[in-house]
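In what follows, a structure is listed as structure tokens, so that the remarks can point back to it.
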Amino acid sequence: MPSTEKVARTDAGLASELRLSVMRLRRRLAGERSPDNRLSIGTMAVLGCLNRHGESTIGELARFERVQPPSMTRTVNSLEESGFVERRPHETDGRQVVVALTDQGRDTLRADRARRDAWLARRLTHLTTEERATLRAAAPILQRLAEED
């Protein structure tokens, strides 16, 4: 089996290594969620999207999260029933509503992020200064990869 360093020298090899590493890290971070938080990762992503972008229509949320509007409608219905979001009439388009975080939704999101951030911060202390600098430089690049079509 070829070494990781050798495989990652090609773009295809780098893509494979990044995919595997990012997926493993995602699984580890998901495992660090509070047992009290019963919301799915996808549902939490919608809360995060509302936190980042502010009030949004169902269509906007669907585009941000790359799902179909009917799927987003079901997610928002569930979040609204549980008190994590609320709907308001759209200011200029009477046919639409906007979805906004409630205090409960914001508190749940913050607690979930704080727990996972603390776990990752503890893990980062085991890295060298150079390794942390490399990750600091890579973070915006990874973000850009995640956002591009």
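The values are calculated or read from the model by the stated rules, or taken from the named source; none is laboratory data. On a predicted model such as this, the values are computed, not experimentally measured, just so you know. FYI the Cβ positions are ideal-geometry reconstructions off the backbone, even for glycines, and counts take in every protein chain you see.
When the residues of region 19-39 are filtered to those that are in contact (Cβ under 8 Å) with a residue 60 or more places away in the chain and aliphatic (A, V, I, L, M), which remaining residue is surrounded by the fewest Cβ atoms within 10 Å (Cβ to Cβ)?
That would be 22.
List, please: which pairs have Cβ atoms under 6 Å, are six or more places apart or on different chains, and start with a residue in region 62-74 that is farther than 18 Å from residue 44 by Cβ and end with one that is assigned to a helix (DSSP H, G or I)?
69/58; 69/59; 69/62
Taking helices (runs of 4 or more DSSP H) that fall entirely within region 20-84, which contain at least 2 residues that are within 15 Å of the chain's Cα centre (by Cα) and not polar (S, T, N, Q)? Steps first, answer last, please.
On the way: elements: 41-53, 58-65, 69-81.
Filter on region 20-84 gives 41-53, 58-65.
Residues checked against (1) surrounded by 12 or more Cβ atoms within 10 Å (Cβ to Cβ); (2) in contact (Cβ under 8 Å) with a residue 12 or more places away in the chain:
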position	(1), (2)
46	yes, yes
91	no, no
95	no, no
104	yes, yes
107	yes, no
118	no, no
141	no, no
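In region 124-149, how many residues are over 24 Å from residue 40 (Cβ atoms) and either of a type in the set (D, E, K, R) or in a loop (DSSP other than H, G, I, E, B) (or both)? First the steps, then the outcome.
Our first condition is that a residue be over 24 Å from residue 40 (Cβ atoms); within region 124-149, this holds for 124-141, 144, 148-149.
Applying the additional criterion that residues be either of a type in the set (D, E, K, R) or in a loop (DSSP other than H, G, I, E, B) (or both) yields 125-128, 130-132, 136, 144, 148-149.
Within region 124-149, residues that are over 24 Å from residue 40 (Cβ atoms) and either of a type in the set (D, E, K, R) or in a loop (DSSP other than H, G, I, E, B) (or both) number 11.
For region 76-107, which residues satisfy the criterion of being in contact with a Phe, Trp or Tyr (Cβ under 7 Å, 6 or more places away or on another chain) and modelled with pLDDT under 95?
The answer is none; no residue qualifies.
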